[in-house]
Structures are given as structure tokens and as C-alpha cells.
Amino acid sequence: MACNCGRAVRSTIVYRLALPNGVTRQYLTRREADDANRRAGGRGSITAVRQ
């Protein structure tokens, strides 16, 4: 039986912006990702990723 020995694994959600030219960036808030996407022309896709 596995024991986690009291260690709580914390996961964080980041928002990954993938632009059509292959560049990906991660942001801590959805709003930051939306703003960056807007500045880049609005053609990127944003995905929530658990880290």
C-alpha cells in the first residue's frame, strides 16, 4: 500500500497560449492569456493546464 506520508501534492492551473507560428507561452490567469492573445492578433488558442 502506498503512503504519501503527509505530503500534499499541490497542483496549479496555468493557461497556455499556443500561437499559429508555433510559439507557446504560459500565464497565471486567463485574463493575461486573453490579453496576450489579443495583442498577437487573436488567432491563438488558450488551454488550461494543470501543473
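For segment 41-51, which residues satisfy the criterion of being in contact with a strand residue (DSSP E or B) (Cβ under 8 Å, 6 or more places away or on another chain) and either without any contact (Cβ under 8 Å) to a residue 40 or more places away in the chain or in a strand (DSSP E or B) (or both)?
Gly44, Ser45, Ile46, Thr47, Ala48, Val49, Arg50
May I ask you to list the residues in segment 13-40 that are more than 19 Å from Gln51 (Cβ to Cβ) and either touching a Cys at 6+ places or on another chain (Cβ under 8 Å) or surrounded by 11 or more Cβ atoms within 10 Å (Cβ to Cβ) (or both)?
Listed by number, the residues that qualify are Leu19, Asp34, Asp35, Asn37, Ala40.
Cβ-Cβ under 9 Å, sequence separation 6+ or interchain: first residue in segment 12-32 and without any contact (Cβ under 8 Å) to a residue 12 or more places away in the chain, partner assigned to a helix (DSSP H, G or I). Which pairs?
Arg25/Ala33; Arg25/Ala36
Quick check, is Thr47 at pLDDT 95 or above and of a type in the set (S, T, N, Q)? Full working, then the answer.
Values: at pLDDT 95 or above: yes; of a type in the set (S, T, N, Q): yes.
Yes, satisfied.
The values are calculated or read from the model by the stated rules, or taken from the named source; none is laboratory data. Note that the coordinates shown come from a computational prediction; the quantities given were computed from them, not determined experimentally. Cβ atoms come from the backbone with ideal geometry, glycine included; neighbour counts cover every protein chain shown.
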